[in-house]
Amino acid sequence: MTALPLEFEPVKRCTKCGIVKPRPDFYSAAGGARPFSECKSCCGERGVRRRREQKAEVLAHYGETCACCGTADDLSFDHIEGGGATHRLTDIGSWNMTRWLISNGFPDGYQTLCRPCNASKSCGDSCLLHNRQLRPARLSSE
């Protein structure tokens with residue numbers, strides 16, 4: 001009996017966790033020929049770790065607390081002058097906001113807000129929860 005080519009083997013050992021798993025538990029490279037060396041679970045963990053590191057980098061630049069209420073929980077990034085929905089549709093596309101901010105050199109016009117304050121600001125330039133104008137000091141003097 002001849003051995004099957006590697007791409008047709010029914011199981012594979014993950015190079016990260018060392019567990020032998022069925023081939024469908026591995027992503028395949030473009031064209032589907034050869035499976036990745038790490039299983040889907042290990043690839044997912046690496047992606048989660050990378051996204052956490054990227055978010056920490058953006059928070060270090062724009063602030064690690066909400067510019068409105070000061071909380072450090074459930075933070076997001078806000079377009080100070082509005083237009084976030086249009087920006088996400090036209091410029092960012094399938095990228096996430098964090099990666100876009102990093103790759104564009106942390107442009108001015110963005111701030112850190114918690115999700116509740118950011119959502120309440122969606123209809124204007126102030127937080128409806130705390131009735132505060134949200135203009136960072138570095139931009140208000142321009």
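The values are calculated or read from the model by the stated rules, or taken from the named source; none is laboratory data. Please read all numbers here as calculations on a predicted model, not as lab measurements. Every residue, glycine among them, receives a Cβ derived from its backbone with ideal geometry; neighbour counts consider all protein chains shown.
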- the range 88-105, subset loosely packed, with under 14 Cβ neighbours inside 10 Å and in a helix (DSSP H, G or I), residue modelled with the lowest pLDDT: 91
- Which one of the conditions (1) at pLDDT below 80; (2) under 17 Å from residue 110 (Cα atoms); (3) hydrophobic (A, V, I, L, M, F, W, C); (4) touching a strand residue (DSSP E or B) at 6+ places or on another chain (Cβ under 8 Å) does residue 77 fail to meet, given that it meets all the rest? (1)
- Given the conditions (1) assigned to a helix (DSSP H, G or I); (2) touching a strand residue (DSSP E or B) at 6+ places or on another chain (Cβ under 8 Å); (3) at pLDDT below 90, which single one is not true for residue 38? (1)
- Task: Give the residues of the range 62-86 that are loosely packed, with under 15 Cβ neighbours inside 10 Å and either more than 14 Å from residue 118 (Cα to Cα) or out of contact with any helix residue (DSSP H, G or I) (no Cβ under 7 Å at 6 or more places or on another chain) (or both), sorted by residue number.
- Result: 64, 70, 71, 72, 73, 81, 82, 83, 85, 86
- Test result for residue 56, out of contact with any helix residue (DSSP H, G or I) (no Cβ under 7 Å at 6 or more places or on another chain), at pLDDT 90 or above, loosely packed, with under 13 Cβ neighbours inside 10 Å and not assigned by TED's automatic domain parsing to the domain that holds residue 128: yes
